[in-house]
1. Restricting attention to the range 307-334, and to residues there that are modelled with pLDDT under 95 and farther than 14 Å from residue 379 by Cβ, which single residue is surrounded by the fewest Cβ atoms within 10 Å (Cβ to Cβ)?
2. Find the helices (runs of 4 or more DSSP H) located wholly in the range 1-98 whose residues include 2 or more that are closer than 18 Å to residue 126 by Cβ and at pLDDT 90 or above, and list them.
3. Out of the range 230-263, which residues are in contact with a helix residue (DSSP H, G or I) (Cβ under 8 Å, 6 or more places away or on another chain), closer than 24 Å to residue 345 by Cα and surrounded by fewer than 21 Cβ atoms within 10 Å (Cβ to Cβ)?
4. Are any of the residues in the range 245-256 under 16 Å from the mean Cα position of the chain (by Cα) and either within 21 Å of residue 60 (Cα to Cα) or in contact (Cβ under 8 Å) with a residue 12 or more places away in the chain (or both)?
5. Among the residues of the range 159-184, which ones are within 19 Å of residue 356 (Cβ to Cβ), at pLDDT below 80 and crowded, with 16+ Cβ neighbours inside 10 Å?
6. Considering every residue within the range 115-133, establish whether at least one is more than 24 Å from residue 70 (Cβ to Cβ) and crowded, with 18+ Cβ neighbours inside 10 Å.
7. Keeping to the range 208-222, report how many residues are assigned to a strand (DSSP E or B) and under 11 Å from the mean Cα position of the chain (by Cα).
8. Select, from 360, 370, the only residue that is in a helix (DSSP H, G or I), outside the structural domain of residue 231 (by TED's automatic domain parsing) and under 20 Å from the mean Cα position of the chain (by Cα).
């Protein structure tokens, strides 16, 4: 795969509301460069796993599951098996709710997977599609045919390192020896545990960044925004060069994954490692501009571009964030005005979405503020860059977070 560089159309910064059809099409890589031949060169069977059915995990699993149920008789793709892995307690609660569905909602549109439940085995399979399943993490099936080729880890940034460690230490039987592990990211919190880098197995870790918005209504139901326009980007954590057959084979497998995501209606592109670093930072800055402010406004994402005051706040957040990125030698590949325009595009495309930070605060749960705004403040401290606006937002969200956790603890104590 040739080197991909970030190419952005120069646009004069404007605070006018963008058109609803604006997407990330101005990037050179906004359309997939994966060739159909890559799919044909893959194996005849591919098992994909999704770890965690939060908002993003549910969206990806549902779309992939719907694709798998409709691939019968086609030769373009390998036979696709899709498994979701959740905690036993979550599975039990789902069974007790008797919903037996996964739904993603987009306006008036609803996409659903219907399941048959086997409570004793902690297993749920889609009607007439036994190769699309929800399982628990307690399975100890060591059959080679049941191991996952590609695992999408869709958990909170603060959980990612521990999850990878747990996978390696206690759930190794779930994955093939050469499995691809994709860590979807909503900040800069994903890291591979140090001791996993020298282990005998050869899992390949990818960073993933998605611009799809999702809000959990309850387990099994997610309201999404930006699903048709939001891009997902994948890249190896370490630079890959096709110097040998095995390395080239791995790159082809990554391209097959991107092609399958595309077929499932999840716009996807594979980047080089160097390009992904800039993309991760751009996603970080966009999240830092939208999530804390929308959370403090207690409103959907569109609220951050609905007034001059909120737009001024966004501009100050972005200015500080870019200064930190520059001090860390990060190549963003865009100007401040262009990045501000991206913030507006994302806020507009996901306008009805309640960001995950606000959803967490409403539930009294821990947020990802430390991996987003906290990361910017930390970087500023390291390099002597002033970040007063981001620091203020960080302190406010942390205060709200602690208050919510305190209320939850009090409620739990009373219920006991």
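1. Here the answer is 331.
2. Numbers: elements: 36-40, 55-69, 88-97.
Counting at least 2 such residues, we get 55-69.
3. 232
4. To start, the set of residues in the range 245-256 that are under 16 Å from the mean Cα position of the chain (by Cα) comprises none.
Scanning the range 245-256 turns up no residue that is under 16 Å from the mean Cα position of the chain (by Cα) and either within 21 Å of residue 60 (Cα to Cα) or in contact (Cβ under 8 Å) with a residue 12 or more places away in the chain (or both).
5. So the first thing to find is which residues in the range 159-184 are within 19 Å of residue 356 (Cβ to Cβ), and the list is 159-163, 182-184.
Right, trim to at pLDDT below 80 and you get 159-163.
Correct list: 159, 160, 161, 163.
6. From the range 115-133, those more than 24 Å from residue 70 (Cβ to Cβ) are 119-122; that's our starting set.
This time we only want the ones that are crowded, with 18+ Cβ neighbours inside 10 Å, so: 122.
Yes: the range 115-133 contains one or more residues that are more than 24 Å from residue 70 (Cβ to Cβ) and crowded, with 18+ Cβ neighbours inside 10 Å.
7. Number satisfying all stated conditions: 5.
8. Numbers: 370 fails: in a helix (DSSP H, G or I).
Exactly one of 360, 370 is in a helix (DSSP H, G or I), outside the structural domain of residue 231 (by TED's automatic domain parsing) and under 20 Å from the mean Cα position of the chain (by Cα), namely 360.
The values are calculated or read from the model by the stated rules, or taken from the named source; none is laboratory data. This one's a predicted model, so the numbers in the text were calculated from it and none came from an experiment. Neighbour counts run over all protein chains shown; Cβ positions are idealised from the backbone, glycine included.
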